[in-house]
Each structure stands twice: as structure tokens, then as C-alpha cells.
1. Using Cα positions and a limit of under 23 Å, work out the lysines in reach of residue 68, with same-chain residues fewer than 8 apart set aside.
2. Starting from 0.36 nm per residue, how many nanometres of slack lie between residue 94 and residue 147 once their C-alpha separation is accounted for?
3. Let me have the 222 nm mean residue ellipticity of the chain computed from DSSP H runs of 4+ only, each contributing -39500 (n - 2.57), with the sum over all residues rounded to the nearest 500.
4. If R₀ is 30 angstrom, what is the calculated FRET efficiency for the pair residue 18 and residue 66, using the beta carbon separation as r and rounding to 0.05?
5. Can you list the lysines whose alpha carbon sits under 29 Å from that of residue 123, skipping same-chain ones fewer than 8 residues off?
6. Report, by chain and number, residues whose modeled amide H sits under 5 Å from the one on residue 84, excluding near sequence neighbours (fewer than 5 apart, same chain).
7. Let me check something: with ligands and nucleic acids excluded, how do 98, 49 order by accessible area (1.4 Å probe), largest to smallest?
8. Please list the non-local residues whose amide H lies under 5 Å from the amide H of residue 55, H modeled 1.01 Å from N, same-chain partners needing a gap of 5 or more.
Amino acid sequence: MSTLSQREQALFLLLNEIGIISQLSSARLERLLPHGLTVAQFGLLNHLVRLDGDWSPARLAAAFQVTKGTMTSTLQRLESKGFISMRANPADGRAKIVILTEAGRRAREAALAAAEPGLADLKAALSSAEVDALIPGLQKLRIWLDMHR
């Protein structure tokens, strides 16, 4: 017999469903991405486009909640494709700053365009009203989780 209350069981079910959806949607997206991009690489390009500014590898690792080694590997792969460049941090010559290149910006746009057929298929599963109803609660949950890392 479960020791979780009915509300705790519902919250667990919610997080479990989100985890499964994350795995399934990531696998679906990765099949559509151009340039041999992985979901992690696309996520990083998307992050750099959305939140323009100076990002160190350490700051990116913290934002994505991955190890510095994992982030370094992802950055090296993106740099080898010409999608980012690294330069010395003017405030601390030992540190690096990640710079999104124009090719990286175009790769992100190409990835969005490549994902469009997958989004078109999804339209049949959820109505606009259902999508609109889901977004506020999911955003609230994301913000709470982000604040309570």
C-alpha cells in the first residue's frame, strides 16, 4: 500500500507523465533535426538565440543542469560544425565566452523548419484550446522547479 497521499500520487503521476513526454518528444525531435544535431545541441543553439548575451561554459552547464564535461563536449561538437565560437573572457583571460555564429543561428532556424512536420502531426492530437490550457500550468511548474533546483 502506498504511503503517498492522493495529492502526492497525483503530483508523482504528473511528473512521471512529463518525464515520459520528454523522452518521447526528444526522440521524435532528434529524428527530424538537420546537420546531425542532437537534441542537446539544438537546445543549446535555441538557448543562445533566445537569451542573447555572454555565456560561459560553466554558466551554460548550470543552466542545463549538466556537468562541465558534458557541456564542454557539446560545445566542442557545435564549434566543429561552425555553429559557435569560443573566445577569451575579457574580464578573466582564463575563462571562455561562447559566441553564437551566424551559421549557428541559421542551423537553429533550419532545425525549427525541419521540426515543422512533426508539429503539424501533433495538431491532430491536441486542439488549440487544449494546448492553450496546458501551457500556463506547465510554465508555472517549470518556473517553480527552476527556482527550487
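1. Cα-Cα hits under 23 Å: 81, 96.
2. On the way: separation 53, 0.36 × 53 = 19.08 nm, distance 2.96 nm.
16.1 nm is the gain from fully extending residue 94 to residue 147.
3. Details: 6 runs with 101 residues, N = 149.
It comes out at -22500 deg cm²/dmol, rounded to the nearest 500.
4. Details: r = 19 Å, r/R0 = 0.62.
FRET efficiency, residue 18 to residue 66: 0.95.
5. Cα-Cα hits under 29 Å: 140.
6. For residue 84, whose amide H was placed from the backbone, the distant partners under 5 Å are 79, 101.
7. On the way: 98 5, 49 30 Å².
If we order 98, 49 from most to least accessible, we get 49, 98.
8. Result for residue 55 returns 98.
The values are calculated or read from the model by the stated rules, or taken from the named source; none is laboratory data. Model, not experiment: these values are computed from the prediction. Methodologically, a virtual Cβ is constructed for each residue, glycine included, from the backbone with ideal geometry; neighbour enumeration extends over all protein chains shown. Remember, those area values only see protein heavy atoms, side chains included, never the ligands or the DNA or RNA. Shrake-Rupley method; radii C 1.70, N 1.55, O 1.52, S 1.80 Å.
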